[in-house]
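Student: First, the structure itself, so that you have it in front of you.
The values are calculated or read from the model by the stated rules, or taken from the named source; none is laboratory data. This one's a predicted model, so the numbers in the text were calculated from it and none came from an experiment. Glycine gets a Cβ as well: all are built from the backbone with ideal geometry, and neighbour counts include every protein chain shown.
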């Protein structure tokens, strides 16, 4: 699968017709623009949070305009429109609502950044024999199970609620050590691992899961979209990511790729 096809799969990019018409040189230029967004986003995210925390709405608005313009340049039209709505409604909205909406919007932007990085990473590494994540086969009964590991009980509860009413069996565990003990008697079809955990982080846990002979796909929970962070996760075997704060829609979409 080439970079064109991988970019087609990123729902936030409204590029279907545009990519068909692009020549290879134009695609290369577009990928450079996507990389610029990825590299600039952590700084913009920090600026937005700082301006919002200090209630400097002028700086906040200017930064959000810059983000919107960048999104327009890379054809993330729907997200650009969300920024415009926030800019236009800034005066009439209470601070608490702005904070809540920006938390949601920044999670969408983080997911876009990670999706772009995954597409480029996979395109660059396909020739090197990188093995793609396999679909889980599930148990003989047909019910597939998910093991989530996060030291924060709130996020485990959020994941559990997101999966209520689904066909999946959910197990939530608060530490890597407890997860490894659990795996002595269980063989989940999918792992959801928080990266930043005390004693044993998600990277080490993923390595020990592999050594235990478990081959199910691993989805990392994260709120960090920096290139170094995402690259380390991909090199440790990440099949995908779920960005905090998690939503039911995001959880079901992400795990639905594999089980």
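Student: Residues in the range 105-112: is at least one at pLDDT 85 or above, in a helix (DSSP H, G or I) and closer than 20 Å to residue 237 by Cβ?
Tutor: Yes, the conditions are met somewhere in the range 105-112.
Student: Also: Within the range 169-179, track down each residue that is in contact with a strand residue (DSSP E or B) (Cβ under 6 Å, 6 or more places away or on another chain) and crowded, with 21+ Cβ neighbours inside 10 Å.
Tutor: First, pick out the residues of the range 169-179 that are in contact with a strand residue (DSSP E or B) (Cβ under 6 Å, 6 or more places away or on another chain): 169-173, 179.
Passing the criteria: only 179.
Student: Give the residues of the range 221-249 that are in contact (Cβ under 8 Å) with a residue 60 or more places away in the chain, farther than 16 Å from residue 156 by Cβ and part of a helix (DSSP H, G or I), sorted by residue number.
Tutor: 227, 230, 231, 234
Student: Can you name the residue in the range 158-167 that is surrounded by 14 or more Cβ atoms within 10 Å (Cβ to Cβ) and in a loop (DSSP other than H, G, I, E, B) and, of all such residues, is farthest from the chain's Cα centre (by Cα)?
Tutor: To start, the set of residues in the range 158-167 that are surrounded by 14 or more Cβ atoms within 10 Å (Cβ to Cβ) comprises 158-160, 162-163, 166.
Then keep just the ones that are in a loop (DSSP other than H, G, I, E, B); that gives 163, 166.
Numbers: 163: 18, 166: 21 Å.
Among residues in the range 158-167 that are surrounded by 14 or more Cβ atoms within 10 Å (Cβ to Cβ) and in a loop (DSSP other than H, G, I, E, B), the one farthest from the chain's Cα centre (by Cα) is 166.
Student: Now for a separate question. All but one of (1) at pLDDT 95 or above; (2) part of a helix (DSSP H, G or I); (3) closer than 30 Å to residue 39 by Cα hold for residue 253, so report the exception by its number.
Tutor: Here residue 253 meets the rest and fails (1).
Student: Looking at the structure I just gave you, is residue 79 surrounded by 15 or more Cβ atoms within 10 Å (Cβ to Cβ) and closer than 23 Å to residue 114 by Cα?
Tutor: It is true that residue 79 is surrounded by 15 or more Cβ atoms within 10 Å (Cβ to Cβ) and closer than 23 Å to residue 114 by Cα.
Student: Can I ask one more? Only one residue in 191, 155, 241, 182 is surrounded by fewer than 19 Cβ atoms within 10 Å (Cβ to Cβ) and not assigned by TED's automatic domain parsing to the domain that holds residue 12. Which one? Give the derivation first.
Tutor: Details: 191 fails: surrounded by fewer than 19 Cβ atoms within 10 Å (Cβ to Cβ); 155 fails: surrounded by fewer than 19 Cβ atoms within 10 Å (Cβ to Cβ); 241 fails: surrounded by fewer than 19 Cβ atoms within 10 Å (Cβ to Cβ).
Only one candidate qualifies: 182.
Student: Run down 39, 47, 12 and say which single residue is surrounded by 15 or more Cβ atoms within 10 Å (Cβ to Cβ) and touching a residue at least 40 places away in the same chain (Cβ under 8 Å). Reasoning before the result, please.
Tutor: On the way: 39 fails: surrounded by 15 or more Cβ atoms within 10 Å (Cβ to Cβ); 47 fails: touching a residue at least 40 places away in the same chain (Cβ under 8 Å).
12 is the lone residue from the list that is surrounded by 15 or more Cβ atoms within 10 Å (Cβ to Cβ) and touching a residue at least 40 places away in the same chain (Cβ under 8 Å).
Student: Would you confirm, using the coordinates I've provided, whether residue 80 is free of Cβ contacts under 8 Å to residues at least 24 places away in the same chain and within 24 Å of residue 248 (Cβ to Cβ)? Before you say what the answer is, go through the steps one by one.
Tutor: Details: free of Cβ contacts under 8 Å to residues at least 24 places away in the same chain: yes; within 24 Å of residue 248 (Cβ to Cβ): no.
So residue 80 fails the test.
Student: Answer with yes or no whether residue 216 is within 20 Å of residue 176 (Cα to Cα) and at pLDDT 95 or above. First the steps, then the outcome.
Tutor: Numbers: within 20 Å of residue 176 (Cα to Cα): yes; at pLDDT 95 or above: yes.
Yes.
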